Amino acid sequence: MKFKETLILLLGILVIFPLLGQNPRPKVAVLKFDFSPIRNQWWGSYDIGEGIQALVEDELLDRMVFRIYSRKYVNALLKEQDFQRSGRVDAATAVKIGKLAGVKYIVAGTVYKFEQKKKGGALGFVGNKLGVGGGGVKLAQAKVGLTAQLIDVETGEILFSAKAEDKSTGILVGAITSSGGGLLGGESSISKASEKAVEKLIDKLVKKARGLGSI
């Protein structure tokens, strides 16, 4: 191999090799969603904000556009620093959490709609067939509305916000237990509506982030 060709090869290795260890995806942390606007509409000790946080984190992981700082450690930081006594986190607090976590962006959001209404009939068995009748597990239509902001941890700037809403029909919450899987039961109307709303929300968030060159 000629000297010139060897030199070009070595230069190429020197340029490319450092890039192999770099991950171009920015690191983000998702905070628990504020659900104070709908808190009085729901009962029990289930943390709706943490449930939506988990769905958002999972959806972002599926898109593979960000590296995700685990919500387990985010929530531990909030508790350790006593940042969330009111149940709400403002932009300034989000920046502090982001710096402690060593992330580039914070996703902070709000649940502004989380409702279900009973539908006529119920899901039950007639003989060995599943169908709608007068008894059995009650059905409901649920609606979920979410907003989210992407916050730059270094500058504290809210880069943009996104809003999404969706609905679904399924099992009425109250006829199931949390052991059913998913958010308040995997087959519940509110669980399915939440998943659909989160998917729409992340679609918008990723699209806007790409438009700004954030990812």
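Does the stretch 173-192 contain any residue that is at pLDDT 90 or above, of a type outside the set (S, T, N, Q), out of contact with any helix residue (DSSP H, G or I) (no Cβ under 8 Å at 6 or more places or on another chain) and over 15 Å from Lys138 (Cα atoms)?
Looking for residues that are at pLDDT 90 or above, of a type outside the set (S, T, N, Q), out of contact with any helix residue (DSSP H, G or I) (no Cβ under 8 Å at 6 or more places or on another chain) and over 15 Å from Lys138 (Cα atoms), one finds at least one in the stretch 173-192, hence yes.
Being at pLDDT 55 or above, hydroxyl-bearing (Ser, Thr, Tyr) and under 24 Å from Phe35 (Cβ atoms) narrows it down to one residue among Thr147, Thr155; which is it?
Answer to the check: Thr147.
What tally of residues in the stretch 143-165 results from selecting those that are of a type in the set (Ser, Thr, Tyr) and either part of a loop (DSSP other than H, G, I, E, B) or in contact with a Lys or Arg (Cβ under 7 Å, 6 or more places away or on another chain) (or both)?
2
Taking the condition of being not in a helix (DSSP H, G or I) and not acidic (Asp, Glu), how many residues in the stretch 27-77 meet it? Explain how you work it out, then say what you get.
As a first pass, look at the stretch 27-77 and keep what is not in a helix (DSSP H, G or I): 27-35, 42-47, 64-70.
Keeping just the survivors that are not acidic (Asp, Glu) gives 27-33, 35, 42-46, 64-70.
Going through the stretch 27-77 one residue at a time, the tally reaches 20.
Out of (1) among the small types (Gly, Ala, Ser); (2) modelled with pLDDT of 85 or more; (3) crowded, with 18+ Cβ neighbours inside 10 Å, what's the single condition that is false for Ala122?
Result: Ala122 fails condition (2) only.
Just a yes or no: is a residue in the stretch 58-74 in contact with a strand residue (DSSP E or B) (Cβ under 7 Å, 6 or more places away or on another chain), at pLDDT below 60, closer than 23 Å to Ile215 by Cβ and loosely packed, with under 15 Cβ neighbours inside 10 Å?
Within the stretch 58-74, none of the residues are in contact with a strand residue (DSSP E or B) (Cβ under 7 Å, 6 or more places away or on another chain), at pLDDT below 60, closer than 23 Å to Ile215 by Cβ and loosely packed, with under 15 Cβ neighbours inside 10 Å.
The values are calculated or read from the model by the stated rules, or taken from the named source; none is laboratory data. Because the structure is predicted, anything quoted here is derived from the model rather than measured. No Cβ is skipped: glycine too gets one built from the backbone with ideal geometry, and neighbour counts run over all protein chains shown.
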